[in-house]
1. Give me the pairs, please: first residue somewhere in the stretch 270-286 and under 16 Å from residue 113 (Cα atoms), second residue anywhere and modelled with pLDDT under 85 and acidic (Asp, Glu), beta-carbon distance under 9 Å, and either six or more positions apart or on two chains.
2. Among the residues of the stretch 34-85, which ones are polar (S, T, N, Q) and either in a helix (DSSP H, G or I) or surrounded by 16 or more Cβ atoms within 10 Å (Cβ to Cβ) (or both)?
3. What pairs come up if the first residue lies in the stretch 168-185 and is part of a helix (DSSP H, G or I), the second is loosely packed, with under 15 Cβ neighbours inside 10 Å and of a type in the set (S, T, N, Q), and their beta carbons are under 9 Å apart, counting only those six or more places apart or on different chains?
4. Would you please list the contacts, defined by Cβ atoms under 7 Å and residues six or more apart or on different chains, that run from a residue in the stretch 315-328 that is at pLDDT below 85 to a residue that is surrounded by fewer than 17 Cβ atoms within 10 Å (Cβ to Cβ) and not in a helix (DSSP H, G or I)?
5. Restricting attention to the stretch 294-312, does a residue exist that is of a type in the set (Gly, Ala, Ser), closer than 21 Å to residue 205 by Cα and in contact (Cβ under 8 Å) with a residue 40 or more places away in the chain?
6. Look through 201, 188 and report the one residue that is surrounded by 15 or more Cβ atoms within 10 Å (Cβ to Cβ) and without any contact (Cβ under 8 Å) to a residue 24 or more places away in the chain.
Amino acid sequence: MASKPETRSEEQRRNVYVMVGLAFALFLAIYFVYQIRVVVLVLLLTLLFSVIVSGPVDYLAHKGVSRILGTLIVLGTLALALALVGLALAPIVTEQAVQLAEGLPTFLSEARSYLEQLQSSFGLEVSLPDPQQLLGSARDFLSGGAFSTFVSVGASVANILSLAAVVLIATIFSVAQPEPLINGFVALFPAGWRERVREILREMYKSVQRWFLGQLTDMMIVGVLFTIALSIIGIPFALLLGILSGLLAFIPFIGPLVSVIPPVLLALAQDPVAVLWVILAYCAVQFVEGNIVQPVVMSRAVSLHPAVVIFALLIMGTLFGFAGVLLAIPLVAALYVLLQELWIKQMDKKGTDPNPPKKKPSRTAERIGRLWRAVEAPFRRS
């Protein structure tokens, strides 16, 4: 009969082997994903779009509309809405984009002149690149390999269009007939686990949908607020910059920082004092978005730690480029639900934590209540 120390040592050795095997399997999986990253990217995009489109299709299905007809209605309505928005905004945005491209050398030269004056005032000696030289080098590079550039761009566009067609067709079939896919995936698990697998899939599905609705609302509000603020300050191309800031709000942390650079450069070329107003407007929009919009529209979505978000953006961006950056947050949100349901809840059942972490009270309800009291205060006084 083996003694307890020997049993414990054997168990520790087995755990080490398991951890080494899991680490090796993880690296092997990452290498495999990297090798077929285009296929994985198409699969992830199909899953994301299927989850997004399935929301309104599920609603129509509850009303008695068949899923095939509901899918066509939702996609047709989405295409019509995008076309109407494009027809309404495209002329203005195109005109502002052309004006910005034509005036870019002038704006950069004026900004460079102001920065040189600022350097001389503080006694700094930093050589700044000549905007005209940079633009000339870019034009020479493009014109020097015009044919090869044209072929490369054409091949990239054709590749993107073909992948988009695959994603669209796969999304239509996935949303119109999801049962065979879900039942086939669930059938891979033992019969006793299948109901639990369905529950986890349902929770992941709802989590990604809540995230998307909240993110879409947040982007629209940020874009509108930034457009209004830049228009009041008098920054040119306010609509174009507002739309850009709304789109970049999709990328956490990095997007908002990038969105403030163009208006700051334009303000620097127009009126250096306006730079301060642009930065103040940016801070005000971020304050409203972080303390009012986010707590309200994202209160039911998965809350992720900023460090987790940054590493998710880094990993997905390295593997899949810009499309990976767009997929990072919904993927991590789904994985968070999976980890919570499959691992953390099981670990919580094994014994009792003698010193559990103290849960901080939710600040969402507190912020909403504070906002509501501020709004109704004038009415109480009257």
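The values are calculated or read from the model by the stated rules, or taken from the named source; none is laboratory data. Bear in mind the structure is a predicted one, so any value in this text is a computation, not a measurement. Don't worry about glycine lacking a Cβ; one is built from the backbone with ideal geometry, like all the others, and counts go over all protein chains shown.
1. Short answer, once both residue conditions are applied: 270/110.
2. Those that are polar (S, T, N, Q) and either in a helix (DSSP H, G or I) or surrounded by 16 or more Cβ atoms within 10 Å (Cβ to Cβ) (or both): 35, 46, 50, 54, 71, 77.
3. Note: pairs meeting the criteria are 176/66.
4. From the stretch 315-328, the pairs are 326/250.
5. Yes, some residue in the stretch 294-312 is of a type in the set (Gly, Ala, Ser), closer than 21 Å to residue 205 by Cα and in contact (Cβ under 8 Å) with a residue 40 or more places away in the chain.
6. 201
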